[in-house]
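S.K.: My questions will all concern the structure given below.
The values are calculated or read from the model by the stated rules, or taken from the named source; none is laboratory data. Computed from a predicted structure; not experimentally measured. Neighbour counts are summed over all protein chains in view; Cβ atoms, including those assigned to glycine, are modelled from backbone coordinates with ideal geometry. SASA here: full protein model, heavy atoms, side chains in, ligands and nucleic acids out. Shrake-Rupley method; radii C 1.70, N 1.55, O 1.52, S 1.80 Å.
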Amino acid sequence: MGIVILLLMLAGVGLMLTRKLPTAFALVLLAVAIAFVAGAPLTGENSVLDTVIQQGAPALAATMLAVLIGSWLGKLMEETGIAGTLVRKIVEFGGDRPTVVALGVLAVSALIGTVTGSAPAAMMAGIIGIPAMIAVGVPKTTAAGTILMGIAAGLPFELPVWQFFSTALELPIDTVKGFMMKLFPFAAFFAVLFVLVETRRKGVEHAWSLASAAERSGDGSKGAGERRRNRARRMGDAPWYALLAPAVPLVLALGFELPIIPSMLAGVLWALATTTRPGQLNKRLLRTLYGGFEVAAPPIALFIAIGILLAAVKLPGAVEALDPLVKAVAPANPVVFVVVFTLLVPLCLYRGPLNVYGLGAGIAGVLIAAGIYPAVAVLGLTASYNQVFGVSDPTSTQTVWSAQYSGVSPHQVMVRTLPYVWCVALGGLILTATTQL
């Protein structure tokens, strides 16, 4: 029966890779098939309808709500000009120095990445940041990679991700937070290294935009202060204190140890209070909330499917069937653990079997339910792989958008960024092996 379940998982991977079914639908179909193969009855205790679907669908509800609030805050940052102002300030500071501009955009991307991930974060940082980097001579592939590496550097502090790992792996938030803070130096170091190496590897490739040149020549006769004021009015710059909005949830969650959802709601309130007049408050609240729903809908659908899959692989029949197979192949020695799972890093790409937002969530559930590894070790494994998927997967929305907006292919971005995020994953796996095995 365990072999049959593994074959079903491979079939699920095939459906996702060939795009025969969307990932969420494929995961639900796989979960129901696993439940039936594991001998689950249709209704009652440990059943298909009551346990897998009814209890599994809302299992990650806290994560879904955190994603929705993060998307809401992201829409507010976009509409009020907070995100754009952050990027423009950094670009102004960098001037015509490609590496400085790229490092600044990297930092802003990381800050935005703590609020919301995927394509919305890439767009908020990249709509201004990518043309600015290309204009001062940063190669196009490097510009796209800088946005993605920045978002990945902020990923260890993305509060919805903490909530996801906490709920999916049944770990306290403090445990997830502790590991993520240890993973952050690896993500930040290799993100900075990417910028320093890749901006110099091909030299400067100038591509000044006509809009940029016209703006420079048109304002040449005015004083610097007047130019800044005119540009702020024209571009809709947010006030300086509003730029603290993405930091508010982090300060509350890290510094004051408040729960994740209240911390994120505080960020929403800060963004509203510092940018919106009382008469416009009602309309902006509803408009950005509805916009947040549109952004959050795809990941929420995915989290519903992941919850259903986790419920299926944790059924007693599934655990009993998979236990001997997984124990036979899972490395127990810390050195072998690091070597094997480092070599398997590419399996989290192309929606592969180790992608935590796909079949990887089910595999993580099996590893924990069967007692192969402690939950904290599985956290280290999945979080390390997540750093790779978020940057280099040519099928992920943020990678596709960043590459296309920069004028290159997603595969070019993957080739440039993969060595760096592979090293991040290696660092996370070494950290896991030395502390949890």
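S.K.: Calculate the length of the line joining the C-alpha centroid of segment 258-321 to that of segment 349-370, in whole Å.
M.R.: 22
S.K.: Which whole number in µm²/s is D for segment 1-134 by Stokes-Einstein, with the Kirkwood Rh taken over Cα pairs at 20 °C and 1.002 mPa s? Intermediate results must be reported in sequence, preceding the final value.
M.R.: On the way: Rh = 18.2 Å.
Taking Rh from Cα pairs, D becomes 117 µm²/s.
S.K.: Between the helical axis of 23-37 and the dominant principal axis of the chain, each derived from Cα atoms, what acute angle in degrees is found, rounded to the nearest 10?
M.R.: Helix 23-37 sits roughly 10 degrees off the main axis of the chain.
S.K.: Which net charge results for the neighbourhood of V326, defined as the other residues with beta-carbon distances under 14 angstrom from its beta-carbon, given Lys and Arg at +1 and Asp and Glu at -1?
M.R.: Details: positive: K314, K327; negative: E320, D323.
Once positives and negatives cancel, what remains is 0.
S.K.: With axes computed from alpha carbons, what is the tilt in degrees of helix 375-392 against the longest principal axis of the chain, rounded to the nearest 10 within 0 to 90?
M.R.: 50
S.K.: Taking a label point 7 Å from the Cα of F25 along the Cα→Cβ vector, which residues of segment 348-390 have an amide N closer than 19 Å to it?
M.R.: The answer is 351-352, 358-359.
S.K.: If R₀ is 41 angstrom, what is the calculated FRET efficiency for the pair L258 and K89, using the beta carbon separation as r and rounding to 0.05?
M.R.: Numbers: r = 28 Å, r/R0 = 0.69.
The computed FRET efficiency comes out at 0.90.
S.K.: Okay, next question. Please work out how much length the chain gains when fully extended from T435 to F184, using 0.36 nm per residue of separation minus the C-alpha to C-alpha distance, in nm with one decimal. Write down the numbers at each step before the final one.
M.R.: Details: separation 251, 0.36 × 251 = 90.36 nm, distance 1.61 nm.
Contour length minus the Cα-Cα distance gives 88.8 nm.
S.K.: What does the extension gain come out to for L49 and Y290, with contour length at 0.36 nm per residue minus their alpha carbon separation?
M.R.: Working: separation 241, 0.36 × 241 = 86.76 nm, distance 3.14 nm.
Residue separation times 0.36 nm, minus the Cα-Cα distance, leaves 83.6 nm.
S.K.: Which Rg and Dmax, in Å, describe the Cα atoms of segment 100-149?
M.R.: 9.7, 29
S.K.: Here's something else I'd like to know. Of all alpha-carbon pairs in segment 238-369, indicate the percentage at a distance above 27 angstrom.
M.R.: 48
S.K.: For segment 1-67, what D do you get in µm² per second when you plug the Kirkwood radius from alpha-carbon pairs into Stokes-Einstein at 20 °C and 1.002 mPa s?
M.R.: This corresponds to a translational diffusion coefficient of 166 µm²/s.
S.K.: Taking N as the number of residues in segment 324-437, what value does Rg over Cα atoms divided by 2.2 N^0.38 Å take?
M.R.: This ratio for segment 324-437 stands at 1.10.
S.K.: Before I look further, what does the chain give for accessible area per residue, probe 1.4 Å, in whole square angstrom?
M.R.: Each residue of the chain exposes 41 Å² on average to a 1.4 Å probe.
S.K.: At what distance in nm do the modelled label points of E170 and K283 sit from each other, each positioned 7 Å from its Cα along Cα→Cβ?
M.R.: 5.0
S.K.: Below 14 angstrom from the Cβ of L169, what's the summed charge of the other residues (Lys, Arg +1; Asp, Glu -1)?
M.R.: Overall, the nearby charge balance is 0.
S.K.: Helix 173-201 against the longest principal axis of the chain: what's the angle in degrees, Cα atoms only, rounded to the nearest 10?
M.R.: Rounded to the nearest ten degrees, it is 50.
S.K.: For segment 296-378, report the translational diffusion coefficient in µm²/s to the nearest whole number, using Stokes-Einstein at 10 °C, 1.306 mPa s, and a Kirkwood Rh over Cα pairs.
M.R.: Working: Rh = 13.6 Å.
Estimated diffusion coefficient is 117 µm²/s.
S.K.: If I compute solvent accessible area with a 1.4 Å probe over the protein chains, what percent of it on the chain is carbon and sulfur?
M.R.: Summing carbon and sulfur atoms, their accessible area is 68 percent of the total for the chain.
S.K.: log₁₀ I(q)/I(0) of the chain at q = 0.10 Å⁻¹, via Debye over equal Cα point scatterers, no solvent, to two decimals?
M.R.: At q = 0.10 Å⁻¹ the computed log10 ratios are -0.71.
S.K.: Let's test the formula: R0 of 30 Å, r as the Cβ-Cβ distance of R97 and A332. What FRET efficiency results, to the nearest 0.05? Walk me through the numbers before you get to the answer.
M.R.: Values: r = 50 Å, r/R0 = 1.67.
Computed FRET efficiency for R97 and A332: 0.05.
S.K.: What nm distance separates the two modelled labels at F36 and W240, each placed 7 Å from Cα along Cα→Cβ?
M.R.: Using points 7 Å along Cα→Cβ, the separation is 6.4 nm.
S.K.: Add -39500 (n - 2.57) for each DSSP H run of 4 or more in the chain, then divide by its residues: what number comes out at 222 nm, to the nearest 500 deg cm²/dmol?
M.R.: -24000 deg cm²/dmol
S.K.: Students often check this: by mean Cβ neighbours within 10 Å, which of 418-431, 300-313, 328-341 ranks highest, and how do the rest follow? Kindly include the intermediate steps, with their values, before the conclusion.
M.R.: Details: 418-431: 21.4, 300-313: 25.5, 328-341: 14.5.
Packing order, densest peptide first, comes out as 300-313, 418-431, 328-341.
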